Amino acid sequence: KNEVEQSPQNLTAQEGEFITINCSYSVGISALHWLQQHPGGGIVSLFMLSSGKKKHGRLIATINIQEKHSSLHITASHPRDSAVYICAVFPWGETSGSRLTFGEGTQLTVNP
Amino acid sequence: KAGVTQTPRYLIKTRGQQVTLSCSPISGHRSVSWYQQTPGQGLQFLFEYFSETQRNKGNFPGRFSGRQFSNSRSEMNVSTLELGDSALYLCASSLVPTGGGISTEAFFGQGTRLTVV
């Protein structure tokens, strides 16, 4: 079992829909990243969370440390949101450092 | 402020050769981590450098090595290339390493796509 699990693996939505991607992890963490990867490879950090909720434009990320769960929400989805969304955690521990452990990613396709 | 710069962007090498990839972190960032992304294994941690010292190493063979210079730029080297080394290699920089109660955001480069033929 992976330390970081995402669901769903694939998601197809119509433009304007509200989207939720879930991430569950099984280890203690220092923080959690939500990342976006477009075709071509480059990864963009959307959020880093260690508690609560963050909002940036149409994107909202929440984390529940006790339940070891995080969600990424996209409101009013748009075709340009089509990408792979990856949940990644910094496992807790002095020696873990900036060593991210990744989920398998969620392929999001938003149709016009 | 310039982002994380990786060079080259694309590389084709032959089995048995060696390759060196470069990563220039965001100005002021002192921690650099390297990751390998393949369709089969996803994203996997290679190693992390801070202040010219390797702090962490992932589960990769000794053919994979790296170093960090005094200006925080980092290189990774893969010797005796195998077909399975074909992957997207990503580096990420952060101000300092996460740990000990400190969490610092990681910023990724565009990656180097290595193809071994």
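The values are calculated or read from the model by the stated rules, or taken from the named source; none is laboratory data. Predicted model only: the values in this text are computed from it and were never measured. In this analysis, Cβ positions are derived from the backbone assuming ideal geometry, glycine residues included, and neighbour counts consider all displayed protein chains.
For this structure, a couple of remarks:
- Residues satisfying the stated conditions in the range B:69-84, i.e. surrounded by 21 or more Cβ atoms within 10 Å (Cβ to Cβ) and farther than 15 Å from B:Ser27 by Cα: B:Met76, B:Val78
- Filter result (at pLDDT below 95, more than 9 Å from chain A (Cβ to nearest Cβ) and assigned to a strand (DSSP E or B)) within the range B:48-68: B:Tyr49, B:Thr53, B:Gln54, B:Lys57
- For the range A:6-108, the strands (runs of 3 or more DSSP E) that sit wholly inside it and include 1 or more residues that are within 12 Å of chain B (Cβ to nearest Cβ) and not aliphatic (A, V, I, L, M) are A:29-37, A:43-49, A:52-56, A:83-91.
- Within the range B:74-117, tally of residues that are more than 10 Å from every other protein chain (Cβ to nearest Cβ), touching a residue at least 40 places away in the same chain (Cβ under 8 Å), charged (D, E, K, R) and not in a loop (DSSP other than H, G, I, E, B): 1
- Some residue of the range B:23-30 being of a type in the set (A, V, I, L, M) and within 14 Å of chain A (Cβ to nearest Cβ): yes
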